[in-house]
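Read through the structure below, which is laid out as structure tokens, and then see the notes.
Just so it is clear, none of the values below were taken in a lab; they were calculated from the coordinates. What you see is a predicted model; the values in this text were computed from it and never measured. We place every Cβ from the backbone using ideal geometry, glycine too, and count neighbours over all the protein chains shown.
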Amino acid sequence: HIFRNAVLSAASKSVTPISLRTLFEFGKNTSPKTLVLASQFLHNELPIRLSHRIVELENLPFGLSEMPSVKTVHGLYVDSFRLIHEFPKIRSIEDDLKFTDVLDGIKTRHNWVVQQMAQGIRELKKKIGADILGPELQQFLDRFYLSRISIRMLIGQHLALHALTPEERRQAMQTSGFVGIITKDCRPTHVAEDASRHAKQLCDTNYGVAPKVKILGSLDTKFTYVPSHLYLMLFELIKNSMRATVETQRSQRLGVPQEEMSQHLQQMLLRGEKLPEWLYDDHEYPEINVIVANGQEDVTIKVSDKGGGIPRSALPVLWTYSYTTAKNNDAVTSSVNGPSGSGSSLFDPSPSRGQGNTDRIAGYGYGLPLSKLYARYFGGDLELKSLESWGTDAYLYIRRLADHEEDLP
Ligand code: W6P
């Protein structure tokens with residue numbers, strides 16, 4: 001019917017990629033008219049971006065489109081499309097405010113989409129058996145999540161601009177360089193410190209110890225970027241490095257395979273044996289190095305660990321959405337989402353006991369592929385190189401100039 005035609009009509013149009021600089025420069029203008037223009041742009045652009053996903057969600061391989069969770073996500077996209085499409089033409093500041101409320105609601109309702117899609121994949125795997133899901137699925141998910149990142153970036157920026165009065169926006173610009181969620185003074189050193197602090201807390205909760213993080217290189221680097229995106233990527237990398245460092249070190253020194261470590265330590269405790277002191281001494285774990293390089297084209301951030309590395313053949317798997325670090329003992333990751341291990345199980349926060357997969361999902365190996373998408377979104381990239389038996393280096397490339405337009409599916 002008519003609504004369906006509206007979806008198909010929008011889906012036949014191309015998206016309009018925006019550069020970070022355009023978003024930044026646009027948001028600098030504090031006249032009320034600017035916000036109305038921003039709403040008008042989104043009123044036109046968001047239905048196009050949503051409609052592409054709606055159509056694609058209906059045509060997935062292996063019958064994925066029929067899975068209940070995927071249908072839920074599809075419904076969410078259709079509802080959001082409808083809300084925006086049926087919103088009348090935006091002419092005034094009042095219209096702009098009402099429309100912005102609608103966008104706020106949409107963004108919140110989409111909060112669980114990553115988990116829901118992951119659930120859908122699990123439903124499919126259960127139905128047709130694991131591991132026959134080909135690269136098509138990987139490519140679809142990359143497109144889907146990249147598009148989601150872009151939509152949330154546009155709405156997030158819009159909401160952030162509306163959250164402040166013009167005077168507050170002028171002040172934010174002057175004191176911190178922020179325009180919405182973008183700042184011209186994004187400092188990798190600061191963001192890496194924040195991410196390290198959080199990763200350390202997490203690691204400490206799960207293992208009772210956390211490796212030190214050393215930040216080196218061009219410490220005064222600053223450039224125009226979205227610090228929340230940088231934080232998300234660096235947190236993921238540092239967290240992975242910490243987990244690898246602790247697990248490898250313990251495994252080597254105790255002569256126990258990583259998979260059996262938590263059990264082994266649990267049993268020592270049960271037998272009333274004293275655990276070795278070094279286990280909880282951060283000096284005994286090789287530190288993680290974060291190197292910031294301030295180039296002309298890229299700001300590159302290398303995160304290096306001595307966490308034992310991974311076989312070259314296993315690297316590609318890290319980028320897939322079915323990669324599960326969490327066998328049953330994915331300590332660091334599991335606690336991000338699920339309840340963390342209770343006191344007695346510092347090193348065995350196994351979420352497996354009594355819990356289904358649901359609690360582990362979001363921190364379930366989605367972090368790396370999603371981080372790569374965040375990096376690529378504005379023209380950067382994320383690569384991993386590993387020295388098997390030694391350690392792993394993650395290279396995070398970010399365009400130094402904000403001129404690169406969104407990399408969109
Ligand atoms: C590892 C595996 C990994 C993935 C991503 C980042 C760092 C590391 N270290 O051993």
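What the phi angles of region 40-57 give under the Karplus curve with 6.51, -1.76 and 1.60, with θ = phi - 60°, is a coupling list of 4, 4, 5, 4, 8, 7, 4, x, 5, 5, 5, 5, 4, 5, 4, 5, 5, 5 Hz, glycine and proline written as x.
Amide H to amide H distances under 5 Å link residue 19 with 406, where only residues 5 or more positions off or on other chains count and H is placed in the peptide plane. Computed from backbone phi with θ = phi - 60° and the Karplus coefficients 6.51, -1.76 and 1.60, the 3J(HN,Hα) list for region 137-148 is 5, 4, 5, 4, 5, 4, 4, 4, 6, 5, 4, 5 Hz; x is used for glycine and proline. Each helix, a run of at least 4 DSSP H residues, gives -39500 (n - 2.57); summed and divided by the residues of the chain, these come to -17000 deg cm²/dmol at 222 nm.
Using Cα-only point scatterers and the Debye equation, what is log10 of I(q)/I(0) for the chain at each q in 0.07, 0.12, 0.13 Å⁻¹, rounded to two decimals? At q = 0.07, 0.12, 0.13 Å⁻¹ the computed log10 ratios are -0.37, -1.04, -1.18. Of all beta bridges that DSSP places with both ends in region 215-325, some 65 percent have antiparallel geometry.
Gaussian network model of the chain, Cα springs within a sub-10 Å range: biggest mean-square fluctuation belongs to which of 165, 183, 248? Maximum fluctuation in the GNM of the chain, among the listed residues, is at 165. Of the beta bridges DSSP finds with both residues in the chain, what % are antiparallel, to the nearest 5? About 85 percent, rounded to the nearest 5.
Listed peptides 12-19, 77-84 appear in the order 77-84, 12-19 once ranked by packing, highest mean of other Cβ atoms within 10 Å at the front.
Axis angle, to the nearest 10 degrees, between helix 261-270 and the longest C-alpha principal axis of the chain: 50 degrees. Between helix 367-377 and the chain there is an angle of about 40 degrees, using the helix long axis and the longest principal axis of the Cα atoms. Our coupling estimate for region 5-14, obtained by passing each phi through the Karplus curve with A = 6.51, B = -1.76, C = 1.60 and θ = phi - 60°, is 4, 5, 5, 5, 5, 5, 5, 7, 8, 8 Hz, Gly and Pro reported as x.
Here's how it looks for residue 217: its modeled amide H is under 5 Å from those of 292, which are all 5 or more places away or on a different chain. Just report the Cα centroid separation between region 201-257 and region 61-79, whole Å. Region 201-257 and region 61-79 have Cα centres spaced 36 Å from each other.
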